[in-house]
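The values are calculated or read from the model by the stated rules, or taken from the named source; none is laboratory data. Because the structure is a prediction, the values reported are computed rather than measured. We place every Cβ from the backbone using ideal geometry, glycine too, and count neighbours over all the protein chains shown.
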Amino acid sequence: MDDAVAPGPLTDWLRREVPQVAVGDGPVAVEPISGGHSNLTYRLTDAVGRRFALRRPPTGMVLATAHDMGREWRFITALAPTAVPVPPPVAFCADPDVIGAPFYLTAYIDGDVLGDVAAGHRLAPAARRAAGLHLIDVLADLHAVDPDAAGLADLRRPGRYLERQLRRWHRQVHASAVPDLSVIDAAHARLVERVRELPEPGEGITHGDYRPGNLAFGPDGRVRAVFDWELAAIGDPLADLGWLLASWGRPGDEVPPTIPGPSLVEGYPDRGELVARYAERSGRDLAALAEELEVYIAFAQWRSACISAGVYTRYAAGVMGGRGEADGGAARLASLQAQAEAALAALGG
């Protein structure tokens, strides 16, 4: 059993606090679903066979402000009554003494999480275009939610979202173990200039890591649930769209995606079709949207490099659950430098 979730103490807590989970004489069954540098997810099966999902922070070192389970829980509970498909919330535990960290439970959602290139083949060809278009529809629905009406007004921060993000990630990348930050710094300086030139952005709920690897799809291509809300904020919706597009690789691309995913398989819509769909659903002007997105995509590439720097640092410190990298992290360093270089080139640097 993964020692990040101790079934005995968890079962005792469920027995006391969560009557909707049926607890028998023995501990509940817990098995890992996903892990790594993100929050960890487990499948929990109760005494009558009902399944739930448990989320907790990763073990070991984390960057400042990351992996706040209470914040993630707030976004899920706020969005549950809306058109945005989230796993139905069940219970939150703020007491780190139960399993060693705060955690929460949701209902378990069956679906296909398309987290890599191979997963792109799991959807039938007829469903692939539908999947790309529906994930845009869900993103537009998310951005249409009024944060105040959803009870999230206190999470609003002063100033521009992108400017806050640039400061945050630049500070964190300089706390990393990456030996050469010259390209990241150059791209950061250019982004600061270009962001100032953007029109005043709209405001909405941003997911922070919106891509097929954080969604569950049905066989028809429709999104059944959006997962992994740990980076959610009240911010600039176009940052979500830029992040999605930067990861939406297509066959024949010269610039590699930030995260290789299912869209590298034939049959998924091209980026231009996604942008047009978002403009239609959100009511934005398509020409203006396409022009602004150049900066948002470059920001996504730069941010991806900063995030990879944090992951590299955790590997270098030996706190990734005993997993090392055979090349000592050289490939990860090369990848993050490539993303920073792509951002700088897109910005005319």
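For Leu133, are the conditions met, namely being assigned by TED's automatic domain parsing to the domain that holds Ala317, touching a His at 6+ places or on another chain (Cβ under 7 Å) and part of a helix (DSSP H, G or I)? No, not satisfied.
One residue stands out among those in the stretch 197-226 that are farther than 18 Å from Ala300 by Cβ and among the basic types (Lys, Arg): the one that is surrounded by the fewest Cβ atoms within 10 Å (Cβ to Cβ), which is Arg224. The residues on offer are Ala279, Ala175, Ala189, Ala232, and the sole one that is small (Gly, Ala, Ser), in contact with a helix residue (DSSP H, G or I) (Cβ under 6 Å, 6 or more places away or on another chain) and over 22 Å from Arg71 (Cα atoms) is Ala279. Among the residues of the stretch 163-188, the one identified as surrounded by fewer than 14 Cβ atoms within 10 Å (Cβ to Cβ) and aliphatic (A, V, I, L, M) is Ala175. On inspection, Ala150 qualifies as more than 30 Å from Glu197 (Cβ to Cβ) and assigned by TED's automatic domain parsing to the domain that holds Asp209. Residues that are under 23 Å from the mean Cα position of the chain (by Cα) and more than 21 Å from Ala334 (Cβ to Cβ) within the stretch 176-194 comprise just one, Leu191.
Tallying residues that are over 20 Å from the mean Cα position of the chain (by Cα) and either among the charged types (D, E, K, R) or farther than 22 Å from Leu142 by Cα (or both) within the stretch 269-286 yields 7. Of everything in the stretch 41-67, what is farther than 20 Å from Ala233 by Cα, hydrophobic (A, V, I, L, M, F, W, C) and modelled with pLDDT under 90? Give them in sequence order. If the condition is that a residue be farther than 20 Å from Ala233 by Cα, hydrophobic (A, V, I, L, M, F, W, C) and modelled with pLDDT under 90, then Met61 is the only one that fits. Being in a helix (DSSP H, G or I) and out of contact with any Leu (no Cβ under 8 Å at 6 or more places or on another chain) is the filter; apply it to the stretch 69-103 and report the residue that is farthest from Ala149 (Cα to Cα). Residue satisfying both the conditions and the ranking: Met69. Within the stretch 140-167, residues that are on the phi < 0 side of the Ramachandran plot reach partners that are among the aromatic types (Phe, Trp, Tyr) with beta carbons closer than 7 Å, at six or more positions or on different chains, in the pairs Ala140/Tyr278; Leu162/Phe299. Within the stretch 23-41, being more than 29 Å from the chain's Cα centre (by Cα) and exposed (fewer than 14 other Cβ atoms within 10 Å of the Cβ) holds for Gly24, Asp25, Gly26. I'd like to know if the stretch 287-305 contains one or more residues that are of a type outside the set (Val, Ile, Thr) and not in a helix (DSSP H, G or I). No - not one qualifying residue is present in the stretch 287-305. Against the criterion of being among the small types (Gly, Ala, Ser), outside the structural domain of Ala279 (by TED's automatic domain parsing) and out of contact with any Pro (no Cβ under 9 Å at 6 or more places or on another chain), Ala80 does not qualify. Considering the stretch 153-248, the qualifying strands (runs of 3 or more DSSP E), each wholly inside and each with 3 or more residues that are within 25 Å of Glu292 (Cβ to Cβ), run over 204-206, 233-235.
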